[in-house]
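What follows is a set of notes on a single structure, which appears directly below.
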Amino acid sequence: MPHNILVADDDPHIREIICFALEKAEMKTQAVADGAAALQAVERRAPDLVVLDIGMPEMDGLEVCRRLRQKSDVPVLFLSARDEEIDRVLGLEMGGDDYVTKPFSPRELVARVNVILRRARPAAVEEEDDRQFAHGRLMLVPASHAASFGGKPLVLTAIEFAILKGFLARPLNVLGREAVMANAYQSNIHVSDRTVDSHIRNIRAKLAAVGCLDAIETVHGVGFRLGRCGG
């Protein structure tokens, strides 16, 4: 079945471009013009992904995402007319999965949507995903997108789950930023170092909230490696 994508942007021309590109890629779309309408649309029927403009009036995209994350883990791709690093960091820290700056290539936007969707709901479960990944008290079950620490459930975005799975698959390895993001994005999609750091920071914070204070260690000048995950 085709994926259902909610597009929230106050610019009708941008909405039209995005919807056309996504529908050409055989996805179904619903478009709304403001944040309140986006929240109502998700409440009525949860989409597979939300394309969310940060700069909407009255209720901006960051606030919409904050409210969504109170009760939903629906993937979010942010759009912004500003190429400010602080906007990207805030968007990711609010729980966004990715960030695209206007003006954008419709082809790149579709590619990023496909990457997020594939991580969120894999079309086919690979053989290695039939087994669990465990390290210390941390456990991941890719087939059901379930994560826990010491039995406590861990809510991760699709990108965060893919990054953490990459660490658990090679628990003794030090991974550079490129290797970290290769676990979550296609190789032809550029992701900044700051974006990598934001995702790592989010994963650490979520694990710390359930009692894991040694989840991911920084190896200065090299990258990151999985900690003991013992508590």
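The values are calculated or read from the model by the stated rules, or taken from the named source; none is laboratory data. These figures come from a predicted structure and were not determined experimentally. Don't worry about glycine lacking a Cβ; one is built from the backbone with ideal geometry, like all the others, and counts go over all protein chains shown. Keep in mind that these areas ignore ligands, DNA and RNA; they rest on the heavy atoms of the full protein, side chains included. Shrake-Rupley method; radii C 1.70, N 1.55, O 1.52, S 1.80 Å.
Can you tell me which residue in the stretch 181-201 is most open to solvent (accessible area, probe 1.4 Å), limited to those that are in a helix (DSSP H, G or I), among the aliphatic types (A, V, I, L, M) and modelled with pLDDT under 85?
Residue satisfying both the conditions and the ranking: ALA182.
Which residue, of GLU23, GLU43, is of a type outside the set (A, V, I, L, M), part of a helix (DSSP H, G or I) and modelled with pLDDT under 95?
Checking each option against the conditions leaves just GLU43.
Applying the selection to the stretch 18-47, what residues are in contact with a helix residue (DSSP H, G or I) (Cβ under 6 Å, 6 or more places away or on another chain) and touching a residue at least 40 places away in the same chain (Cβ under 8 Å)?
Answer for the stretch 18-47, where residues must be in contact with a helix residue (DSSP H, G or I) (Cβ under 6 Å, 6 or more places away or on another chain) and touching a residue at least 40 places away in the same chain (Cβ under 8 Å): ALA21, ALA25.
Yes/no matrix, rows are residues, columns are (1) part of a helix (DSSP H, G or I); (2) open to solvent by 10 Å² or more (accessible area, probe 1.4 Å):
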site	(1), (2)
PRO2	no, yes
ALA36	yes, yes
GLU58	no, yes
CYS65	yes, no
LEU77	no, no
LEU92	yes, no
GLY95	no, no
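If I ask for residues that are in contact with an Asp or Glu (Cβ under 8 Å, 6 or more places away or on another chain) and more than 17 Å from VAL115 (Cβ to Cβ), which ones from the stretch 61-79 would you list?
GLY61 - this is the single residue of the stretch 61-79 that is in contact with an Asp or Glu (Cβ under 8 Å, 6 or more places away or on another chain) and more than 17 Å from VAL115 (Cβ to Cβ).
Looking at ARG118, ARG88, ARG82, which is the one that is in contact with a Lys or Arg (Cβ under 7 Å, 6 or more places away or on another chain), modelled with pLDDT under 90 and either part of a helix (DSSP H, G or I) or open to solvent by 10 Å² or more (accessible area, probe 1.4 Å) (or both)?
None of the other options fit; the residue is ARG88.
So for the stretch 172-180 (the condition being in a strand (DSSP E or B), more than 15 Å from GLY230 (Cα to Cα) and without any contact (Cβ under 8 Å) to a residue 60 or more places away in the chain), does at least one residue qualify?
Yes.
Mind listing whichever residues of the stretch 22-40 are touching a Leu at 6+ places or on another chain (Cβ under 7 Å) and more than 23 Å from LEU92 (Cβ to Cβ)?
If the condition is that a residue be touching a Leu at 6+ places or on another chain (Cβ under 7 Å) and more than 23 Å from LEU92 (Cβ to Cβ), then THR29, GLN30 are the ones that fit.
Restricting to the stretch 10-34, name every residue that is among the aliphatic types (A, V, I, L, M) and either farther than 17 Å from GLU108 by Cβ or open to solvent by less than 30 Å² (accessible area, probe 1.4 Å) (or both).
Residues satisfying the conditions are ILE14, ILE18, ALA21, LEU22, MET27, ALA31, VAL32, ALA33.
Just the residues that are at pLDDT 85 or above, in a loop (DSSP other than H, G, I, E, B) and of a type outside the set (A, V, I, L, M, F, W, C), please, taken from the stretch 149-164.
GLY150, GLY151
Return the pair list, or none, for Cβ contacts closer than 9 Å from residues in the stretch 131-147 that are within 14 Å of ALA215 (Cβ to Cβ) and open to solvent by less than 20 Å² (accessible area, probe 1.4 Å) to residues that are not in a helix (DSSP H, G or I) and not hydrophobic (A, V, I, L, M, F, W, C), at least 6 apart or on different chains.
Listed pairs, sorted by first residue: PHE133/PRO171; LEU138/SER148; LEU138/GLY150; LEU140/GLN132; LEU140/SER148; ALA147/PRO153.
Does ARG204 satisfy being open to solvent by 50 Å² or more (accessible area, probe 1.4 Å), in a helix (DSSP H, G or I) and modelled with pLDDT of 85 or more?
Spelling it out, ARG204 is indeed open to solvent by 50 Å² or more (accessible area, probe 1.4 Å), in a helix (DSSP H, G or I) and modelled with pLDDT of 85 or more.
Does ALA134 satisfy the condition of being in a strand (DSSP E or B), modelled with pLDDT of 90 or more and among the hydrophobic types (A, V, I, L, M, F, W, C)?
Judged against the criteria, ALA134 is a match.
Exactly one condition in (1) at pLDDT 90 or above; (2) in contact with a Cys (Cβ under 9 Å, 6 or more places away or on another chain) is false for MET94; which is it?
Just one mismatch for MET94, condition (1).
Is there a residue being modelled with pLDDT under 95, charged (D, E, K, R), farther than 24 Å from ALA205 by Cα and within 17 Å of the chain's Cα centre (by Cα) anywhere in the stretch 98-105?
No, every residue in the stretch 98-105 fails to be modelled with pLDDT under 95, charged (D, E, K, R), farther than 24 Å from ALA205 by Cα and within 17 Å of the chain's Cα centre (by Cα).
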